[in-house]
Amino acid sequence: MEGDKTTTTMMCTLLAMDLTTFSYRVCSLCERTLPEDPTSLCSFCNFNARSKRLFRILMSLASDTKVFTVICFDRAAKVLFGCSADEFFDFAKLHPFTADTTSRILEGEMVKVTLSKPKNGNAHLRMSQVFPLRTGFRPAIETLKEFYGVRSGC
Ligand SMILES: [Zn+2]
């Protein structure tokens with residue numbers, strides 16, 4: 001059976017992440033991808049059309065033998081970020097340099113990841129699960145709130 005070889009689990013270090021685009025819009029009902037234009041609505045669910053954001057982040061990981069790039073989707077990203085993509089998006093709008101700060105918070109974390117190969121062999125590996133290994137790991141949003149909360153005083 002070939003199917004079993006499409007996922008691997010390994011220990012890695014988070015090296016870097018590209019947070020210039022960290023999420024995308026989908027219909028909150030059917031989760032079809034929507035254009036970034038906030039006025040565009042799902043044409044399949046137009047009466048109840050609302051949108052939400054899901055995480056999609058390019059990350060560099062280092063294993064003991066190599067450095068490689070993966071795509072981290074919503075479920076795994078929530079483990080690292082501790083919030084929904086919407087919450088992070090709103091936080092980033094209000095707080096300058098959120099992306100840079102988040103990268104600094106998460107870079108160097110040791111994680112156990114499950115990676116799956118996409119059906120299209122040329123695409124990046126997908127991080128389907130992530131498990132932080134450090135005792136006392138805190139999701140990025142908690143550290144961010146503390147970091148920015150001190151200065152805004154609210
Ligand atoms: Zn829809």
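Residues that are among the polar types (S, T, N, Q) and touching a strand residue (DSSP E or B) at 6+ places or on another chain (Cβ under 7 Å): which helices (runs of 4 or more DSSP H) entirely in segment 50-108 hold 1 or more of them? Break it down into steps so the answer makes sense when it comes.
Numbers: elements: 74-81, 85-94, 98-106.
Those helices (runs of 4 or more DSSP H) span 98-106.
Could you pull out the residue among Val67, Val130 that is away from the ligand (no atom under 16 Å from the Cβ) and surrounded by 15 or more Cβ atoms within 10 Å (Cβ to Cβ)? Give the steps one after another, and end with the answer.
Numbers: Val67 fails: surrounded by 15 or more Cβ atoms within 10 Å (Cβ to Cβ).
After applying the criteria, what remains is Val130.
Mind listing whichever residues of segment 124-136 are at negative phi and in a loop (DSSP other than H, G, I, E, B)? Please lay out each step first, then the result.
Of the residues in segment 124-136, the ones at negative phi are 124-135.
Result: His124, Leu133, Arg134, Thr135.
Need pairs with beta-carbon distance below 6 Å; first residue in contact (Cβ under 8 Å) with a residue 60 or more places away in the chain and within segment 36-61, second among the charged types (D, E, K, R) and surrounded by 11 or more Cβ atoms within 10 Å (Cβ to Cβ); sequence gap 6+ or separate chains.
Leu58/Asp18
Count, please, the residues in segment 25-40 that happen to be within 26 Å of Thr102 (Cα to Cα) and away from the ligand (no atom under 14 Å from the Cβ).
Final tally of qualifying residues: 3.
Right, Ser43: closer than 19 Å to Ala77 by Cβ, small (Gly, Ala, Ser) and within 13 Å of the ligand (Cβ to nearest atom) or not? Can you show your working first?
Details: closer than 19 Å to Ala77 by Cβ: no; small (Gly, Ala, Ser): yes; within 13 Å of the ligand (Cβ to nearest atom): yes.
So Ser43 does not fit the description; no.
Mind counting the residues in segment 109-123 that are part of a loop (DSSP other than H, G, I, E, B), modelled with pLDDT under 95 and surrounded by 11 or more Cβ atoms within 10 Å (Cβ to Cβ)? Please lay out each step first, then the result.
Of all residues in segment 109-123, those part of a loop (DSSP other than H, G, I, E, B) come to 109, 117-123.
When the remaining residues are screened for being modelled with pLDDT under 95, the result is 117-123.
Going one step further and asking which of them are surrounded by 11 or more Cβ atoms within 10 Å (Cβ to Cβ), we end up with 117-118.
Summing the residues that are part of a loop (DSSP other than H, G, I, E, B), modelled with pLDDT under 95 and surrounded by 11 or more Cβ atoms within 10 Å (Cβ to Cβ) in segment 109-123 gives 2.
Hey, any hits in segment 115-135 for a residue that's without any contact (Cβ under 8 Å) to a residue 24 or more places away in the chain and β-branched (Val, Ile, Thr)?
yes
The values are calculated or read from the model by the stated rules, or taken from the named source; none is laboratory data. Everything numeric in this text was worked out from a predicted model, so none of it was measured. Neighbour counts run over all protein chains shown; Cβ positions are idealised from the backbone, glycine included.
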